[in-house]
Structures are given as structure tokens and as C-alpha cells.
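Comments concern the structure below.
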Amino acid sequence: MKILITGGAGFIGSHVVRRFVLNYPQYEIINLDKLTYAGNLENLQDIESKENYRFIKGDIVDREFIDGLFEREQFDCVIHLAAESHVDRSISNPLEFVYTNVVGTVNLIHAFKTHRKNPEGFFYHVSTDEVYGELSDEGKFTETTPYSPNSPYSASKASSDHFVRAYHETYGLPVKLSNCSNNYGSHHFPEKLIPLFINNIRNRKPLPVYGTGDNVRDWLFVEDHAAAIDVIFHKGGAGETYNIGGNNEWKNIDLVRLMCKLMDQKLGRPEGDSEKLITFVKDRAGHDFRYAIDSSKLMNELGWEPSLQFEEGLSKTIDWYFENEQWLEHVTSGAYLEYYKQQYEQR
Ligand code: NAD
Ligand code: TYD
């Protein structure tokens with residue numbers, strides 16, 4: 001079976017590619033990635049010489065290129081992760097999100113529909129719980145929660161989800177979808193909360209907590225997300241959506257305090273030392289208050305469950321960043337630093 005994985009050089013994509021390449025030597029895995037600021041082939045150094053793996057650099061928005069690729073390669077299945085993924089960037093540059101997340105997705109699924117030969121093959125679209133909007137203190141998102149995206153990022157992902165479902169309804173194309181909560185783990189670009197704060201605590205830089213820090217996120221270890229994608233890919237029903245979450249809700253401020261505590265212990269700093277770095281800054285525009293996922297469909301029907309307790313996963317993640325300073329140095333040079341200035345210097 002020949003599987004195209006898009007966005008495989010990114011954070012979650014690299015974990016999915018590694019899992020499929022190592023666990024399924026009988027599959028041919030092709031990783032298609034544009035290598036934006038968020039895509040880094042260093043994430044895949046350990047598997048790049050495997051016989052069942054190939055990398056192709058390319059943009060999913062490029063219609064001619066994508067059409068030619070699908071015609072030539074005749075992929076059996078697609079796992080689509082390529083996206084612009086950072087909410088703050090979507091606030092400053094929404095159009096980039098429309099191109100990659102909406103136009104790119106339609107471009108891909110259209111080429112898949114046009115050139116596919118294997119009737120068993122399907123298009124698996126990886127999405128986010130942010131499409132459901134925000135929750136108050138009560139309740140959780142289920143697969144039937146109405147879409148109500150609030151940020152340009154979540155609006156673009158919601159639109160892509162609708163297109164994927166529309167290809168199923170209109171053309172009978174076999175598709176699968178999953179909507180996952182916030183991920184954390186190794187190889188995470190240091191602009192999202194957890195990797196940014198690990199980097200800042202380490203370098204004694206301020207920890208910019210948006211607003212009051214009372215917003216809540218449901219955190220899932222990235223390898224558990226990759227395991228869920230594996231189980232949905234192999235056992236999920238055609239046309240079905242599955243929610244994936246960690247059942248692990250944290251107020252941002254409590255999470256930041258836990259990170260400070262763990263890192264003070266690991267760095268041999270006095271208790272409470274890193275908490276002094278916490279700085280409350282202007283809130284994010286349209287900041288969703290709370291996300292929480294009900295994953296019971298995935299757990300009951302397909303038997304998936306998260307494997308790690310949060311403190312253990314967070315501790316492993318911090319250790320990975322300590323052990324991979326070079327990785328961090330590479331991604332924090334140049335473009336990333338400029339972006340950092342633009343986001344935080346005026347705040
Ligand atoms: P990421 O930003 O780390 O990686 C995205 C990858 O896509 C990068 O390698 C980038 O180079 C590539 N890419 C971007 N534009 C492209 C284009 N036009 N053509 C080809 N490749 C392109 O993102 P991530 O956090 O790994 O997220 C992967 C997917 O999972 C996204 O679809 C995202 O919406 C979804 N998701 C993420 C989270 C999360 O917490 N990070 C949670 C739920 C769902
Ligand atoms: P983030 O990691 O950007 O993920 P998302 O916005 O997709 O949930 O942010 C997680 C939470 O942390 C979110 O409530 C915004 C908040 N946050 C901060 O308080 N400070 C920061 O510097 C960042 C990047 C995020």
C-alpha cells in the first residue's frame with residue numbers, strides 16, 4: 001500500500017510518519033511537505049534512510065504539481081496533516097491560512113478523487129477541536145457539537161473539514177476525519193505554549209501568559225495522537241469523524257506553574273525561582289475560553305486510550321528539549337526570532 005502523508009516534517013506529522021515507517025515496513029510512505037518555518041527534516045533524521053520512506057518537497061496549494069504527483073504516484077491513501085497551525089499567526093496573516101488549509105486541502109482531495117485507482121483507498125483528514133468554538137465551564141465537545149470556529153485558524157480548518165465531508169457526500173469518496181485537542185511532546189516548534197515556555201524558562205526569559213491565564217486547554221501527548229491516527233486509519237469507518245482528547249484539562253496558569261516547578265527541580269534552581277518569570281500580557285484577540293474533548297466514541301468503538309499521565313509526558317518532553325539543544329538552536333535562529341519580536345515586543 002502506498003500512503004501519502006502531508007506535513008510529515010512538522011510536529012505531529014513527523015511522529016505519524018515515524019510510526020508508520022517503523023511499524024508498517026510493508027507500506028510505502030511518501031512524505032510531502034513544503035518545509036515552511038514549521039517543517040524541519042531534522043525531525044526525521046533517524047528514519048530518512050529506511051527503504052519504505054521517501055520525502056518530496058512541495059506545496060499542496062500548487063495545483064499543477066499536486067495533480068501531476070497524484071497521476072504519477074497513484075497513492076492508495078492519504079493522511080493529510082499539512083497546515084498552517086498557529087492561532088497567533090492566523091490573527092496576523094489570515095490569508096496564508098486560507099491558501100494552505102482550505103485551498104490546499106481541496107486541491108489535494110480533488111487530485112486524490114481524480115486519479116485514485118484503489119476502491120478501498122481513502123482520504124484521512126487530520127483536524128482540530130478548535131472548529132467547535134469555545135466552551136464555558138461546563139460540557140465537552142462531541143462529534144455532533146455544531147461547528148462554531150472563532151479564530152482565522154479554526155475557521156480555515158472548519159472549512160477544510162466541510163470540504164472533506166462534502167467530497168464524501170457529493171462524490172461518494174471514502175474519507176475519515178479526526179478532531180484532536182492540544183498536543184505536546186518532542187519536536188514541537190517553540191511558538192506554541194509548552195515548547196515556548198520550556199525554552200524561555202531555560203533561558204530565564206519572561207513567560208508571556210495571555211490575559212488572566214484562566215483559559216483551559218485539554219492536553220494530549222503527541223505520540224498518543226499518532227497512535228489514535230493509526231487506529232482510525234486501520235479501523236475507523238468511512239465517512240466517520242472521531243474526536244481525540246487527553247481527558248486532561250489545565251488552566252494555562254496552573255500548567256505554567258507546573259512547568260516552572262518541574263524545570264526548577266531539573267535545573268537545580270530554588271523552588272519558586274522560575275515562577276518569577278511569569279508575566280501577564282495583553283490577551284489574544286478572540287481567545288477561546290475552554291476546550292475539552294469527549295473521546296468516548298474513539299475509546300469505545302476502536303479501543304484507543306491515552307497511554308501517559310500528564311506529569312510523566314511533560315517531564316519526558318522537557319527532558320527531550322534538554323537533550324536536543326542543537327535542534328532548538330537551529331529552529332530558534334533567523335526567521336523564528338524575527339517572528340518572536342513581531343509577536344511579543346509590542347505586547
Ligand atoms: P506544524 O505547524 O508543526 O506542521 C505543519 C507542517 O505542514 C509543516 O511541516 C509545514 O512545513 C507543512 N506545510 C505547511 N504549509 C504547507 C503547504 N502549503 N504545503 C505542504 N506542506 C505544508 O503543525 P502540527 O502541529 O504538526 O499540526 C499538524 C496537523 O494537525 C494540522 O492539520 C493541525 O491543524 C492539526 N492539529 C494540530 C494540533 C496541535 O496541537 N498542534 C491539534 C489538533 C490538530
Ligand atoms: P497555543 O499553544 O498557541 O495553542 P492554541 O491556541 O491552539 O490552544 O496556546 C495554548 C494556550 O496558551 C492558549 O490559551 C493561549 C495561551 N498562550 C499564552 O498564554 N501565551 C503564549 O505565549 C502562547 C503561545 C499561548
### Task
Filter region 314-338 for residues that are touching a helix residue (DSSP H, G or I) at 6+ places or on another chain (Cβ under 8 Å) and not polar (S, T, N, Q) and give the result.
Leu314, Ile318, Asp319, Tyr321, Phe322, Trp327, Leu328, His330
### Message
For region 214-230, give me each residue that is over 21 Å from Val131 (Cβ atoms) and buried (at least 17 other Cβ atoms within 10 Å of the Cβ).
### Response
Phe221, Glu223, Ala227, Asp230
### Pro208 vs. criteria farther than 20 Å from Gly236 by Cα, away from ligand 2 (no atom under 16 Å from the Cβ) and touching a Phe, Trp or Tyr at 6+ places or on another chain (Cβ under 9 Å)
no
### Query
Would you pick out the residues in region 160-190 that are polar (S, T, N, Q) and under 30 Å from Phe322 (Cβ atoms)?
Ser181, Asn182, Asn183, Ser186
## Note on the structure
Of the candidates Glu130, Glu143, Glu134, the one satisfying the condition of being touching a strand residue (DSSP E or B) at 6+ places or on another chain (Cβ under 7 Å) and within 20 Å of Asp88 (Cβ to Cβ) is Glu134
#### Entry: Where a residue in region 276-290 is touching a residue at least 24 places away in the same chain (Cβ under 8 Å) and its partner, wherever it lies, is more than 10 Å from ligand 2 (Cβ to nearest atom) and among the small types (Gly, Ala, Ser), with Cβ under 8 Å and at least six apart
Asp288/Gly133; Phe289/Ser136; Arg290/Ser136
#### Entry: Residues of region 196-230 classified as part of a helix (DSSP H, G or I), away from ligand 1 (no atom under 16 Å from the Cβ) and not polar (S, T, N, Q), total
2
### Subset of region 235-259 (residues that are in contact with a helix residue (DSSP H, G or I) (Cβ under 6 Å, 6 or more places away or on another chain) and over 24 Å from Ser307 (Cα atoms))
Gly239
#### Entry: Residue pairs meeting the criteria (Cβ under 7 Å; at least 6 apart or on separate chains; first farther than 14 Å from Tyr24 by Cα, in region 222-238; second more than 13 Å from ligand 1 (Cβ to nearest atom) and assigned to a loop (DSSP other than H, G, I, E, B))
Asp224/Pro306; Asp224/Ser307; Asp224/Leu308; Ala228/Trp304; Ala238/Phe122; Ala238/Pro174
### Query
For region 288-342, which helices (runs of 4 or more DSSP H) that fit wholly inside it have 1 or more residues that are touching a Gly at 6+ places or on another chain (Cβ under 9 Å)?
296-302, 310-323
### Message
Can you pull out every residue in region 143-153 that is more than 23 Å from Val103 (Cβ to Cβ), surrounded by 14 or more Cβ atoms within 10 Å (Cβ to Cβ) and not charged (D, E, K, R)?
### Response
Thr145
### Query
Would it be correct to say that Arg269 is within 16 Å of ligand 1 (Cβ to nearest atom), of a type outside the set (A, V, I, L, M, F, W, C), in a loop (DSSP other than H, G, I, E, B) and modelled with pLDDT of 95 or more?
no
## Note on the structure
Only unsatisfied item for Thr241, checking (1) buried (at least 18 other Cβ atoms within 10 Å of the Cβ); (2) more than 30 Å from Gly121 (Cβ to Cβ), is (2)
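The values are calculated or read from the model by the stated rules, or taken from the named source; none is laboratory data. On a predicted model such as this, the values are computed, not experimentally measured, just so you know. Neighbour counts run over all protein chains shown; Cβ positions are idealised from the backbone, glycine included.
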